[in-house]
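Scroll down for the structure; my scribbles are underneath it.
The values are calculated or read from the model by the stated rules, or taken from the named source; none is laboratory data. On a predicted model such as this, the values are computed, not experimentally measured, just so you know. Positions of Cβ are backbone-derived with ideal geometry, glycine not excepted, and every protein chain shown enters the neighbour counts. Heavy atoms of the whole protein, side chains included, go into the accessibility calculation; ligands, DNA and RNA do not. Shrake-Rupley method; radii C 1.70, N 1.55, O 1.52, S 1.80 Å.
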Amino acid sequence: MESSAKKDITRQIVVIVSALIAVFGGFYGSGAAGGTQIADAAGGALQEDSTTIAPGGPAFAIWSVIYLGLIAFAIWQALPAQRSDRRQRALGYPIAATMLLNAAWIASVQAGIIWLSVVIIAVLLAVLVWAFLVTLRLRPHSIIESIVVDGTIGLYLGWVTIATVANIAAALAASGFDGLGISADVWGSILAIAAGIIGIGYAVRGAGRLAPTAALCWALSWVAFARLTGDLISTPTAISAIVSASVLLIATLAIRLRSTRSSRFATTGSPLPSRNR
């Protein structure tokens, strides 16, 4: 019992330290703590006009929300009541890993090693998918936990999904990839649609979870904005991003409504009135 308690305390401390490292990394990557802004690092490979799938600059404001969520999660899981909770035991180290990976990603971009950043963000995405699946398997105990834990992981997952796509595209462009004879407009459209399809996959698996969809729709909206108003104009990509975000949002709401109705039926043991079917 004592050994288990020590392991739980160690996990809580690791999460807190990881959160502090992630927040410092975020400040450093923003240029506020002496680092170079991400958009200007790595030779500008990640600027909003580097590829047709790159979101506009204001899209990155979502990181403020994600970092606040991660801080809230670190505090939440550190509470004595959460120390031996099965859910926090399952999520603690994976989320700590994502925070350290995020800091490592920023460091790789600052160092100008763009392909290393691709590897890191791919691993980050994989760990976030794992954490997302854990939240589906082990349900939250309260609305507060649902917001602090599930909401943060969902936003984090949705944003990193589109960031991974953009990161790979940026690395390819920086390496001189010519698109295999396919125009940048077509590639941008394909990637925007692919991001929406992935989002629908999250919605189906998560029974209409809103946070991943919100982050993806936010990102796709800024992709569309950048392609219509920035230096790299691509109307086909902008239209594809808008359509992709719209379909994703509608699909998520439909899946959520259906899931809610199914849950009510399972609880009451009787069908809903015909007008609600």
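Miscellaneous remarks
- Single residue of VAL160, VAL223 found to be in contact (Cβ under 8 Å) with a residue 24 or more places away in the chain, farther than 22 Å from ALA19 by Cα and of a type outside the set (Asp, Glu): VAL223
- The one condition in (1) part of a helix (DSSP H, G or I); (2) more than 17 Å from ALA74 (Cα to Cα) that GLY151 fails to fulfil: (2)
- Condition check for ALA171: among the small types (Gly, Ala, Ser), open to solvent by 40 Å² or more (accessible area, probe 1.4 Å) and either in contact with a helix residue (DSSP H, G or I) (Cβ under 9 Å, 6 or more places away or on another chain) or without any contact (Cβ under 8 Å) to a residue 24 or more places away in the chain (or both): no
- Summed over the range 197-208, the residues that are of a type in the set (Lys, Arg) and either under 12 Å from ARG258 (Cα atoms) or modelled with pLDDT under 95 (or both) give a count of 0.
- The condition (being assigned to a helix (DSSP H, G or I), more than 14 Å from GLY206 (Cα to Cα) and modelled with pLDDT of 70 or more) is satisfied by just one residue among ARG275, ARG256, ARG227: ARG227.
- In the range 176-216, the residues that are touching a residue at least 12 places away in the same chain (Cβ under 8 Å) and closer than 25 Å to GLY112 by Cα: ALA184, TRP187, GLY188, LEU191
- Verdict on VAL186 being at pLDDT 95 or above, more than 16 Å from the chain's Cα centre (by Cα) and under 30 Å from GLU145 (Cβ atoms): no
- Residue within the range 178-191 that is within 23 Å of ALA245 (Cβ to Cβ), open to solvent by less than 20 Å² (accessible area, probe 1.4 Å), among the small types (Gly, Ala, Ser) and touching a Lys or Arg at 6+ places or on another chain (Cβ under 9 Å) present: yes
- Qualifying residue in the range 92-107 (condition: touching a residue at least 12 places away in the same chain (Cβ under 8 Å), under 16 Å from VAL17 (Cα atoms) and among the aromatic types (Phe, Trp, Tyr)): yes
- Test: residue in the range 130-138 that is aromatic (Phe, Trp, Tyr), in contact (Cβ under 8 Å) with a residue 12 or more places away in the chain and either open to solvent by 30 Å² or more (accessible area, probe 1.4 Å) or outside any helix (DSSP H, G or I) (or both): yes
- Among all residues of the range 231-245, there is none that is under 23 Å from ILE114 (Cα atoms) and buried (at least 21 other Cβ atoms within 10 Å of the Cβ).
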